Amino acid sequence: MLAKFAKDALPLESCALLLGKINYPADIVHDVILLRNKDQSKNSFSIDPSDLFCAYQRASRLGLGIVGIFHSHPSLPQPSQKDKKFMKLNPIVWLIYSTLNHEYSAFLYRGVIIQVQITLIKE
């Protein structure tokens, strides 16, 4: 679903929020909110504050939290400098999909940015 969403958004970056429950050591995603890229850019993304507010309301109604941020890159799935800055402000999993090589990578800020393992249970 996220790969198709990213392809459909080309040439722009796509973005979404991952809703779930914290289940240490692995959060489980139960729902995804596909969002529009406010930047309308192929090299960056931002989420409109009203869209973000609605996403938090939906998560609350479902009894879930925001456990991850998804976005696509037209390059390798590595965090950009802007991503790194915002990872520090949003220390949840950042899932990046490459529209270049069709691979996912996930990262988390814990004092430093670390790559984390993800497992796809159901597409």
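Where a number appears in this text, it was derived from the coordinates with a stated rule and is not lab data. For clarity, every value in this text was computed on a predicted model and none was experimentally measured. Cβ: placed from backbone, ideal geometry, glycine included. Neighbour counts: every protein chain shown.
Selection of region 72-85 for residues being crowded, with 17+ Cβ neighbours inside 10 Å and part of a helix (DSSP H, G or I) yields only Asp83.
Taken together, the criteria place Thr119 among residues that are under 18 Å from Asp27 (Cβ atoms), in contact (Cβ under 8 Å) with a residue 40 or more places away in the chain and of a type in the set (S, T, N, Q).
Checking each residue in region 19-49 for being closer than 16 Å to Phe86 by Cα and either part of a loop (DSSP other than H, G, I, E, B) or in contact (Cβ under 8 Å) with a residue 12 or more places away in the chain (or both) picks out Asn37, Lys38, Asp39, Asn43, Ser44, Phe45, Ser46, Ile47, Asp48.
The residues listed here are Ile69, Ile118; of these, the one that is under 13 Å from the mean Cα position of the chain (by Cα), closer than 16 Å to Ile33 by Cα and surrounded by 12 or more Cβ atoms within 10 Å (Cβ to Cβ) is Ile69. Inside region 5-18, residues that are crowded, with 19+ Cβ neighbours inside 10 Å and either among the aromatic types (Phe, Trp, Tyr) or in a loop (DSSP other than H, G, I, E, B) (or both) make up a count of 3.
Just to be sure, is Phe53 touching a residue at least 60 places away in the same chain (Cβ under 8 Å), out of contact with any Phe, Trp or Tyr (no Cβ under 6 Å at 6 or more places or on another chain) and either within 20 Å of Gly20 (Cα to Cα) or acidic (Asp, Glu) (or both)?
Details: touching a residue at least 60 places away in the same chain (Cβ under 8 Å): no; out of contact with any Phe, Trp or Tyr (no Cβ under 6 Å at 6 or more places or on another chain): yes; either within 20 Å of Gly20 (Cα to Cα) or acidic (Asp, Glu) (or both): yes.
For Phe53, the condition - touching a residue at least 60 places away in the same chain (Cβ under 8 Å), out of contact with any Phe, Trp or Tyr (no Cβ under 6 Å at 6 or more places or on another chain) and either within 20 Å of Gly20 (Cα to Cα) or acidic (Asp, Glu) (or both) - is not met.
Of the residues making up region 86-117, those that are part of a strand (DSSP E or B), out of contact with any helix residue (DSSP H, G or I) (no Cβ under 9 Å at 6 or more places or on another chain) and hydrophobic (A, V, I, L, M, F, W, C) are Val93, Ala106, Ile114, Val116.
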